[in-house]
Amino acid sequence: MHYSRIMPLVGGQRYFTSTAVFLNEVIKLAISLTMALYDISANLPSSSTATALFSSLSSAVFTGDSWKLAIPAMLYTLQNSLQYVAISNLDAATFQVTYQLKILTTALFSVTMLGRTLSTRKWLSLVLLMIGVAIVQIPSGPDATSIPTLKELKDGQADLHLPRSLEELRDLGSLAAAQLTKRSATYEGIDEDFAAANPQFNASIGLAAVIVACILSGLAGVYFEKVVKDKTTASTPNVSVWVRNVQLSFYSLFPALFIGVIFKDGENIAKSGFFVGYNWVVWAAIAMQATGGVVVALVVNYADNIAKNFATSISIVISFLASVWFFGATIQTNVSSTLSPYFSLSIWGILLLTQPRSAVEGTTDTYRRLRKDDNWREVDFKTRDTDWRVKALEGVWEEIRVDGT
């Protein structure tokens, strides 16, 4: 995504992010529809017609509670739009690190909306990850070999570095020459064209977009989890995760199309075209984001949002290494020294989250068990109370240690 926003212009223009968000939802809808049709067909007689198949799909998608998905759909669409704003103003690694703030927002919404109780270990792992995010936001010292632009010198945003040798002067001249733009004429809109060809980062805008996107991500994810895992009733039949994905993508099309494509960029799209600025890089970014969205929904269905967010933390390392391998990013000392503590804290936090609890593994310690109806009992884990262990995994029992440290 980041490279698609800073790469050389395609056809003299950069693609509109609203079209990318819309196509993202179209691809997710196509994938989910295909899998939902497959699931439904498996439960129908082999002699069923195509009409019966699509009728069953329509009945499953437009159930009585399908409207509930309109809320997270709108939140996800806005979040995706803000992701493009953030990735256009931050480098890939910094964006990925800062975006992990969604772990904290997701945990808070899980506690408030789902009534979930987090152990001290999980809160500690959250704190470690937040410290890592804060470390990344600490400004690094300026690179002595970087060349300030004329605008930075004029605005007082950079110090003038005086060369101390002829060799350094020659190197500075070669680098500065790349920043000069030869113009034989001017025309209306030249400033906009120059800005598009030479994108500038605005860290403040990028950070603000990330923070809002994290809040929306946590709220939408927890709300979606609540809808997906709600107990079925007579009026709300059991709905597969693929049908839920169809509902989510279907409702996401409306804000993506009407608010993004038509209202926000409609005039420019009418002049330049829907697919202006597209190439294989843009299509690859859209496809990967759409596929990732489908995978996230599956993880939420079979695990939970907090586990999903911790698992995706490893994508920070992958993003950083991919930037170096594919796009020639330089591993500068200040970057590696900033990200390394975060990587360490992330791994530690993940280990704290995923480490099996001694109670489930079985120890000689005595614990006191409190059930939802406030009935107490004590268990010695040398007996390996299988019934309790199953109920613990289902969230029925809460453990309070009696002896030991």
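No value in this document is a laboratory result; all are computed from the given coordinates. As the structure is a prediction and not an experimental result, all values here were calculated from the model. Note that we place each Cβ from the backbone using ideal geometry, even for glycine, and neighbour counts take in every protein chain shown.
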Query raised in the report: For Tyr3, Tyr38, Tyr15, what ranking results if the residue with the fewest other Cβ atoms within 10 Å of its Cβ goes first?
Result: Tyr38, Tyr3, Tyr15
Report summary line: In whole Hz, the Karplus estimates of ³J(HN,Hα) for region 281-293 (6.51, -1.76, 1.60; θ = phi - 60°; x where Gly or Pro) are 5, 5, 4, 5, 4, 5, 5, 5, 5, 5, 4, x, x
